[in-house]
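The next block holds one structure in the form of structure tokens; read it before the comments.
The values are calculated or read from the model by the stated rules, or taken from the named source; none is laboratory data. Quick caveat, the model's predicted, so the values are computed rather than measured. Positions of Cβ are generated from backbone atoms using ideal geometry, with glycine treated the same way; all protein chains shown enter the neighbour counts. Ligands, DNA and RNA are excluded from the accessible area calculation, which covers all protein heavy atoms including side chains. Shrake-Rupley method; radii C 1.70, N 1.55, O 1.52, S 1.80 Å.
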Amino acid sequence: MAFMAAFMNLIIMFSIVSPCKSLSLNYYKKTCPDLEFIVAKAVKDATARDKTVPAALLRMHFHDCFIRGCDASVLLNSKGNNKAEKDGPPNVSLHAFYVINEAKKAVEASCPGAVSCADIIALAARDAVFLSGGPRWDVPKGRKDGRTSKASETIKLPGPNFNISQLHKSFSQRGLSVKDLVALSGGHTLGFSHCSSFQNRIHNFDATHDVDPSLNPSFAAKLKSICPLKNKAKNAGTTMDPSSITFDNTYYKLILQGKGLFSSDQALLDSPYTKHLVSKFATSREAFYEAFGKSMIKMGSINGGQEVRKDCRVTN
């Protein structure tokens with residue numbers, strides 16, 4: 001627990017009570033008391049080897065919760081004629097599944113059959129943010145793992161081309177507010193994006209403009225140089241923001257400068273309330289961290305599955 005204590009001296013910690021009565025902060029107090037330490041160590045060790053792990057784990061949690069609730073269905077392997085979520089188009093770039101599998105193996109060795117893969121993802125996402133310099137929140141636990149995973153359902157994930165109305169609808173369908181939308185979008189401060197996710201903004205934008213006029217011109221020119229129209233390089237792309245391995249509020253500052261990478265990022269300026277929140281979070285890191293922690297708990301409490309898997313990749 002020493003490294004956790006050390007980080008807590010460096011960063012703001014937000015203890016937030018779960019809004020979901022079915023989950024509990026002390027769910028594994030008797031059945032797996034070392035759970036949080038085990039998961040945190042797995043995330044820390046993986047991050048020491050690969051600085052892209054935190055962004056991957058945070059995105060994995062989001063993509064899991066937005067389909068069938070937080071039920072670890074994103075971890076299931078395709079089987080037979082059934083193509084699983086992880087093989088759906090929006091998820092093919094997800095990675096670091098091995099971190100959850102390694103954490104699960106260690107948890108099983110300590111407390112067999114007790115802890116769901118869904119809870120491990122939720123804890124790993126929190127630890128990933130924390131290790132990247134972001135806030136730490138108390139994760140309510142007690143989720144169950146799902147038995148169903150369909151690639152066809154990944155079309156329900158909010159896309160990088162969504163406008164503000166589409167974003168609002170997507171989040172509200174999951175019981176999440178406009179404030180949750182803006183706060184959770186801040187997770188884009190971590191990670192990398194392929195050209196395909198923002199190509200629409202820099203080439204043939206509409207009948208009048210080749211480039212999205214809401215883009216900062218110098219930023220647009222940079223993106224065009226990275227992703228020329230005829231570029232077919234599979235891994236071409238750019239970081240979500242210049243500090244892409246540090247969790248901070250740079251994302252919001254960039255949006256105000258016309259440097260949001262996705263259409264869905266820049267769309268946060270298209271309504272008075274979301275624009276107000278972007279400005280607030282750009283000005284106050286503390287306000288963003290507090291809102292992000294609360295919204296992660298709320299998202300993480302979306303109903304999930306039915307069992308505790310022995311292996312995160314297959315149903316029991």
> Residue separation times 0.36 nm, minus the C-alpha to C-alpha distance between Asn204 and Ser93: what's the value?
Replying inline: 37.5 nm
> For the stretch 215-299, what's the relative contact order in percent, using C-alpha pairs closer than 8 Å and at least 6 residues apart?
Replying inline: 24 percent
>> Starting from 0.36 nm per residue, how many nanometres of slack lie between Lys230 and Ser218 once their C-alpha separation is accounted for?
In response: 2.3 nm
> Among the lysines, which have Cα under 20 Å from the Cα of Lys79 when same-chain residues fewer than 8 positions away are ignored?
Replying inline: Lys150, Lys310
> How far is helix 217-226 tilted, in degrees, relative to the longest principal axis of the Cα atoms in the chain, given as a value from 0 to 90 rounded to the nearest 10?
Replying inline: 70 degrees
> Please report, for the Cα atoms of the stretch 263-314, the Rg to one decimal and the Dmax as a whole number; what are they, in angstrom?
Replying inline: 16.7, 47
> Compactness ratio of the stretch 175-300: Cα Rg over 2.2 N^0.38 Å, N = residue count?
Replying inline: 1.08
>> Semi-axes of the equivalent ellipsoid for the stretch 95-146, please: Cα gyration tensor eigenvalues, times 5, square-rooted, ordered largest first, whole Å.
In response: 20, 13, 10
> How large is Rg over Rh for the chain, taking Rg from the Cα atoms and Rh as the Kirkwood inverse mean of 1/r across Cα pairs?
Replying inline: 0.96
> How are the C-alpha pair distances of the stretch 116-235 spread across 5 Å bins, as whole percents from the shortest bin up?
Replying inline: 2, 8, 12, 15, 19, 18, 12, 7, 5, 2, 0
> Under a point-charge model restricted to the Cβ atoms of Lys and Arg (+1) and Asp and Glu (-1), what is the dipole moment magnitude of the chain relative to its Cα centre, in debye to the nearest 20?
Replying inline: 360 debye
> Hey, with R₀ at 22 Å, roughly what FRET efficiency would Glu108 and Asp138 work out to, going by the Cβ-Cβ distance, to 0.05?
Replying inline: 0.40
>> Before I look further, what does the chain give for accessible area per residue, probe 1.4 Å, in whole square angstrom?
In response: 45 Å²
> Which stretch or stretches of the stretch 100-126 have amide N atoms under 17 Å from the point lying 7 Å from Thr31's Cα along the Cα→Cβ direction?
Replying inline: 104-123
>> Normalised radius of gyration for the stretch 239-281, please: alpha carbon Rg relative to 2.2 N^0.38 Å, two decimal places.
In response: 1.09
> Taking only C-alpha pairs under 8 Å that are 6+ residues apart, what is the relative contact order of the stretch 163-316 in percent?
Replying inline: 29 percent
> About the Cα centre of the stretch 50-132, what is the dipole size in debye to 20, counting +1 per Lys and Arg Cβ and -1 per Asp and Glu Cβ, all else neutral?
Replying inline: 140 debye
>> Which of rounded, prolate or oblate describes the stretch 29-134 when judged by the alpha-carbon gyration tensor and an a/c cut-off of 1.5?
In response: oblate
>> Going through the cross-link list Lys44/Lys104; Lys83/Lys104; Lys222/Lys275; Lys41/Lys86; Lys86/Lys179, which pairs have a Cα-Cα distance over 18 Å in this structure?
In response: Lys83/Lys104; Lys222/Lys275; Lys41/Lys86; Lys86/Lys179
> Can you give the relative contact order of the chain as a percent, counting alpha carbon pairs under 8 Å and 6+ residues apart?
Replying inline: 26 percent
> Using a probe of 1.4 angstrom, how much of the accessible area of the stretch 57-153 is carbon and sulfur, in percent?
Replying inline: 50 percent
> Where a ≥ b ≥ c are the square roots of the eigenvalues of the C-alpha gyration tensor, would you call the stretch 228-316 rounded, which needs a/c under 1.5, or, failing that, prolate if a/b is larger than b/c, or oblate?
Replying inline: oblate
> Considering the chain as a Gaussian network with a 10 Å cut-off on Cα pairs, which listed residue, Lys156, Lys79, Lys230, attains the greatest mean-square fluctuation?
Replying inline: Lys230
>> Just to check I understand the Karplus step: with θ = phi - 60° and J = 6.51 cos²θ - 1.76 cosθ + 1.60, what whole-Hz values come out for the stretch 242-254, glycine and proline as x?
In response: x, 9, 6, 10, 10, 7, 8, 9, 4, 3, 6, 5, 5
>> At 0.36 nm per residue, and after removing the present C-alpha to C-alpha distance, how many nm does the segment from Gln257 to Asn316 gain when stretched out fully?
In response: 16.3 nm
> Whose amide H sits under 5 Å from the amide H of Gly133, counting only residues 5 or more places off or on another chain, with H placed in the peptide plane?
Replying inline: Phe247
